[in-house]
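What follows is one structure encoded as structure tokens, with my remarks underneath.
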Amino acid sequence: MIEDFTYYTPTKVVFGRGAENKTGALVAELGCKKVLLHYGGGSAERTGLLGRIRESLREAGVGFAELGGVVPNPRLSLVREGIELCLRERADFILAVGGGSVIDSAKAIGYGAADEERGDVWDFYARTRVPRACLPVGAVLTISAAGSEMSASSVITNEETETKRGYGNDISRPKFAVMNPELTMTLPAYQTACGCTDILMHTMERWFGGGGNMELTDGMAAALMRTVMRNARILMEKPGDYDARAEVMWAGSLSHNGLTGCGTDGGDWATHQLEHEIGAIFDVAHGAGLAAVWGSWARYVYKENPARFAKFAEEVMCVARRATDEETALAGIAAMEDFYREIKMPTTIRGLGIEPTEAQLKEMAEKCESKFEGGVGTMKKLFAPDMEKIYRAAM
Ligand code: NZQ
Ligand code: ZN
């Protein structure tokens, strides 16, 4: 059965070599005059990218104030600082130069700066209020991973409560995404692999939902996942391969702009929720955290729909059909974990270099359950005791 859907992708994509030099003109085209230039911990400065962006803004006659220092699993405290700065500087646009963390931080600043009630921006992530507006955001992408450059969502960590929360609203979708695959060539191999894992997972979450599917969507989803795996392998050997960088970069955006979920129930997303709890306490890289728990989640739920897992095994992992759907499903899960190991991603929680205590596993499961009424996931509704078992199996 094909589910009804709304597909909305308002982001203008400017893709290719030197694309970052068009950034100033893209902001000016939107009629914006003062930008908050937002970036991370240093890579964009070191590579000279920020210099080129500043130049491009000056050439287009766009003023700017700057706020760097975004860290992976972006923090609420910096978001609050960004909101103050935006208001003080009367910024009318937020330009994120970086990856998912910087773009997510920019979206959160956008909500806060446009909030006429002047309340706490965390309310939106805690879901006690709904934002009515968001300052326009644009992205210059430096890592293919989160897909935030075209997505409606942003994920922020409240460091005081060790809580990581995602929030999605179409009003935060970036106005434009500048994507030059060359910019990702300076990434450490580990970050490239984390990114490829996250890209795969955004389509896998949609593939393994509890609702309908669409032949066309399945075909695009399978092609996207096979493309990411093929090119991730190339990048492990040749990090400077432009075509492989380009394939992965475009896949990253399409994997999370809704395309690979059209006609489904929107997806399962339990693996993401399980990972967010690990990231909130242990500050691990998001992609690595997903790889660490996915196999245990999959083995816990595959009996809900063995045929769907078997289709994944055959069409995505290219595994030969076994005697039963269940056997094919398990072979597909094992093949995915083999791929993670091949690109040096962990397939256990200990593989992340952390050792959560029993009390912490329980805490993570309880916090995860508390985010949603009626259970987490759609393939199988998970509650705290289920999630504890999955975490334990993943140890
Ligand atoms: O801070 P710098 O120095 O730039 O270093 C970053 C960071 O340490 C580095 N990096 C980025 N581009 C680089 C580079 N290093 C060298 N050369 C470059 N070109 O890479 C590290 C990771 O960056 P980050 O932005 O954290 O990566 P990613 O894009 O994976 O974002 C992860 C965040 O996105 C959230 C995750 O939970 C996590 O907080 N997600 C956001 C989503 C969304 N908004 O739709 C969906 C995802 O599922 C995800 O949850
Ligand atoms: Zn993700």
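The values are calculated or read from the model by the stated rules, or taken from the named source; none is laboratory data. The model shown is predicted, which means the values in this text are computed figures rather than measured ones. Cβ coordinates were reconstructed from backbone atoms using ideal geometry, including for glycine residues, and neighbour counts include every protein chain displayed.
Screening the stretch 182-193 for residues that are near ligand 1 (Cβ under 6 Å from one of its atoms) and more than 23 Å from residue 220 (Cβ to Cβ) and picking the one that is nearest to the chain's Cα centre (by Cα) gives 191. If you take the residues of the stretch 30-85 that are hydroxyl-bearing (Ser, Thr, Tyr), under 24 Å from the mean Cα position of the chain (by Cα) and part of a helix (DSSP H, G or I), which of them is surrounded by the most Cβ atoms within 10 Å (Cβ to Cβ)? Filtering first and then ranking leaves 43.
Tell me, please, whether a residue that is of a type in the set (A, V, I, L, M), in a loop (DSSP other than H, G, I, E, B), modelled with pLDDT of 95 or more and within 14 Å of ligand 1 (Cβ to nearest atom) can be found in the stretch 269-291. Checked against the condition, which is being of a type in the set (A, V, I, L, M), in a loop (DSSP other than H, G, I, E, B), modelled with pLDDT of 95 or more and within 14 Å of ligand 1 (Cβ to nearest atom), the stretch 269-291 yields at least one hit.
The strands (runs of 3 or more DSSP E) located wholly in the stretch 132-233 that include 1 or more residues which are within 14 Å of ligand 2 (Cβ to nearest atom) and modelled with pLDDT of 95 or more occupy 153-158, 163-168. Assess whether residue 256 counts as being within 14 Å of ligand 2 (Cβ to nearest atom) and more than 26 Å from residue 351 (Cα to Cα). Yes; evaluated as a whole, the condition is true for this residue. Checking 126, 91, 65 one by one, the residue that is of a type in the set (Gly, Ala, Ser), touching a residue at least 12 places away in the same chain (Cβ under 8 Å) and within 23 Å of residue 163 (Cβ to Cβ) is 126 and no other. The set of residues in the stretch 140-176 that are at negative phi and more than 12 Å from ligand 1 (Cβ to nearest atom) comprises 158, 159, 160, 161, 163, 170, 171, 175, 176.
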